[in-house]
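The values are calculated or read from the model by the stated rules, or taken from the named source; none is laboratory data. This one's a predicted model, so the numbers in the text were calculated from it and none came from an experiment. All Cβ positions, glycine included, derive from the backbone under ideal geometry; neighbour counts span all protein chains shown.
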Amino acid sequence: MSADRSQQVVLAEGLARQEQISPAVAACHAALRLDARQPHAHALLAELMLAGDFYDEAIAAATQAIELDPGCAPAYLALGLAYDRRGGMWDQSILVWHELAEVVPDLVTAHVQLGEAFSLAAFDEEAIDSWRRALELDPTEARAMYNLAVAALKREGVPTALPGFRKAGELDPSQDELFFDLAHIGPLPRKLPDSAKVADDRDSRLHAAGVLARADDYFGAADLVRAILDETPDDADALALAAYMYLKQEAGNEAMACAVRAVMVDKTSVTGMYALGVAYAKRPGLNRHAARVFAALAKAVPHHPMPHVLLAESMMGLQRYSQAKAAYGHAVELDPACVRARFGLAAVLLTENRHAEAAWEIRRAAYYDTKRQGLFWELYDEYVEGGE
Amino acid sequence: MSDQAPLRLYQALVDQDPAAAISVIESVRASGVSQARLFDVLFVPSMGVLGGAWASGEIDEIAFTQAAVVADQVTSFVTPPAANADTGVVVLIGCMHKDHHAVGKNVAAAALKEAGHRVLDLGVDVRPAEFLEKVEETGARIVIVSAEMLSAARDAGRVRDMLTSSGHTDVVILVTGGPFDADPELARSAGANGVIRGAESALRLVARVAEDRAGREDA
């Protein structure tokens, strides 16, 4: 149970949330000078130390928070991450993630991290069990699926692992984000468009259809796409959006038909290329086709990491590991936080017997994934609410 | 191949007639189009026509879906083979005695299998006598010895000794593992013909050995 926190801690929190690291650290120390028995302040300090890569200090602060309150979940998270990033402390890491999984049993990330700690300690069976547990809790947990794919690669090589990577990629929201970036559909608005009330010009319909597709309202989006195609059957953008929606509904041939048509109509249609490449990649034996399309897409949008990742996966399927490595490397250069590229790079490194570098890439992927989730603040806020 | 073939395939798909679709595919194949090109020259254009017909309203959603189902039924007739053709090259692979580090071995074995080689994976902790026994049993002329520990790598020479003493002097031994990467002298002292540095390197070296061997047999 969390105790009330002081005004100084609240100040430190505000600064930490704004990523003003130094003033936040100073505020934490000020709070602790007044009362050293505030788990909130120690947990915050641990998170701040972690952000600055001061792992030993993060470990000390998080340990102090847990000693003061064994139910302080954010401190377990900071402690586990500090152990992981410091390296060489897998035994402590396993204990911490185990504890966190007990303190917050439905916290998927705790099971994923526990699996990663087990894997680093070469407890492969236990690692796989942890990732499966994570997927039981959340079947869309991409990182657990990536880890299972890496485990499959270690046991049975790339051909067995590659479908797992692709499956994880489908769970990973970054692939859908690529499509919507290419289609110029931004984040979802608060109020979704009503397909019956959209202005009857092509651009309004297409945009509204894209927004509805992003919100998984495929019926509404399909009505609008149909309206566009009824007026202009050779609208490549509408065809590509239709292909995307068919892909999301596992209708591979319908998707391929629409995507082929989109690319036939407009060879420069990047959304068409995306849908066609994905439709090809889903079929066994078409890695060469997928690679060709994704190479064209990567050339058309060179600054987006995901086409390079998709190209790399097709290269893996063709056993062109050096080319896959170059493409993954390019994706990581473009976006160091690209979890899918990091896991892919780890897979290629494993094919080169470079296990330590592969493990490092997986650790970096874990770091960015956990950071992206904003999990510390989620746990912290729950902890604060629990005490008030 | 007739220019009309994609249209005929499209029509067979829309007519929900898999037999007619297969007949079109077979006629195109009989005209000299290879399996590897059937997908590009026949299936993709007919799918484009199908997409266009759906977009223009020529066929409705139900007909589109039903045509897609028929397309699925005939896909295996047009897609390039997923697995590479059997090369006939037999490769033995195993981790050296007292070495249980199997990841590198597993990855290389899977890559070689995928490339069409006949891979016999002996697993981990394989004694030199087992390598010899399997060479004699299978007639393999390529043996890959994996060792991730220095002591195991130092022992790899025992495989060459065992094969030589039994008269198998023509067997190519390739070694793989961290110690061999770090110290090339270890591979030489083990009597290895080459060092594999990962899956791609395994594919390259085995292909080269197989080509050399085929060249010698032709000569």
Got a sec? Which of A:K167, A:K154 is surrounded by fewer than 21 Cβ atoms within 10 Å (Cβ to Cβ) and either more than 14 Å from chain B (Cβ to nearest Cβ) or within 15 Å of the chain's Cα centre (by Cα) (or both)?
A:K167
Among the candidates A:E125, A:E99, which residue alone is touching a Phe, Trp or Tyr at 6+ places or on another chain (Cβ under 7 Å) and surrounded by fewer than 21 Cβ atoms within 10 Å (Cβ to Cβ)?
A:E99
Could you figure out which of (1) among the charged types (D, E, K, R); (2) out of contact with any helix residue (DSSP H, G or I) (no Cβ under 9 Å at 6 or more places or on another chain); (3) more than 30 Å from B:A110 (Cα to Cα) isn't true of A:E254?
(2)
Which condition does A:T271 not pass, out of (1) within 12 Å of chain B (Cβ to nearest Cβ); (2) under 20 Å from B:G52 (Cβ atoms), if it passes all the others?
(1)
Give me a count of the residues in the stretch A:248-274 that are outside any helix (DSSP H, G or I) and within 11 Å of A:A300 (Cβ to Cβ).
3
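Identify all residues within the stretch A:237-252 that are under 18 Å from B:S56 (Cβ atoms) and at the interface with chain B (Cβ under 10 Å from one of its Cβ atoms); write none if there are none.
Within the stretch A:237-252, A:A238, A:L239, A:A242, A:A243, A:Y246 meet the criteria.
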Going by what's in this entry, would B:S34 be described as under 30 Å from B:R213 (Cβ atoms), of a type outside the set (D, E, K, R) and not assigned by TED's automatic domain parsing to the domain that holds B:V124?
yes
So, B:R204, is that one within 17 Å of B:I93 (Cα to Cα), within 11 Å of chain A (Cβ to nearest Cβ) and either more than 24 Å from the chain's Cα centre (by Cα) or free of Cβ contacts under 8 Å to residues at least 60 places away in the same chain (or both) or not?
yes
The condition of being of a type outside the set (A, V, I, L, M, F, W, C), touching an Asp or Glu at 6+ places or on another chain (Cβ under 7 Å), at pLDDT below 90 and closer than 23 Å to A:D216 by Cβ holds, among A:R166, A:R143, only for A:R166
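Tell me, which helices (runs of 4 or more DSSP H) lie completely within the stretch A:278-342 with 1 or more residues that are within 21 Å of the chain's Cα centre (by Cα), surrounded by fewer than 19 Cβ atoms within 10 Å (Cβ to Cβ) and not acidic (D, E)?
Correct list: A:321-334.
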Select from the stretch B:188-201 the residues that are of a type outside the set (S, T, N, Q) and within 14 Å of chain A (Cβ to nearest Cβ) and list them in ascending order.
B:V195, B:I196, B:R197, B:G198, B:A199, B:E200
Within the group B:E200, B:E185, which residue is surrounded by fewer than 19 Cβ atoms within 10 Å (Cβ to Cβ) and in the same structural domain as B:K105 (by TED's automatic domain parsing)?
B:E185
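At least 3 residues that are farther than 25 Å from A:L241 by Cα, without any contact (Cβ under 8 Å) to a residue 12 or more places away in the chain and more than 13 Å from chain A (Cβ to nearest Cβ) in each: list the helices (runs of 4 or more DSSP H) lying fully within the stretch B:1-120 that qualify.
B:18-30
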Is one or more of the residues making up the stretch A:129-148 within 14 Å of another protein chain (Cβ to nearest Cβ) and among the acidic types (D, E)?
no
Which condition breaks for A:N353 when tested against (1) assigned to a helix (DSSP H, G or I); (2) buried (at least 24 other Cβ atoms within 10 Å of the Cβ); (3) not hydroxyl-bearing (S, T, Y)?
(1)
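Just to be sure before I move on: is A:A222 surrounded by fewer than 24 Cβ atoms within 10 Å (Cβ to Cβ), of a type in the set (A, V, I, L, M, F, W, C) and either within 12 Å of another protein chain (Cβ to nearest Cβ) or outside any helix (DSSP H, G or I) (or both) in the structure I sent?
yes
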Here is a list of conditions, (1) within 27 Å of A:V301 (Cα to Cα); (2) surrounded by fewer than 21 Cβ atoms within 10 Å (Cβ to Cβ); (3) charged (D, E, K, R), and A:R205 meets all of them except one; can you say which number that is?
(2)
Could you run through the stretch B:150-167 and say how many residues are within 14 Å of another protein chain (Cβ to nearest Cβ) and within 18 Å of B:V91 (Cα to Cα)?
0
Of all the residues that make up the stretch B:168-182, how many are surrounded by 15 or more Cβ atoms within 10 Å (Cβ to Cβ) and either touching a Ser or Thr at 6+ places or on another chain (Cβ under 8 Å) or more than 14 Å from chain A (Cβ to nearest Cβ) (or both)?
7
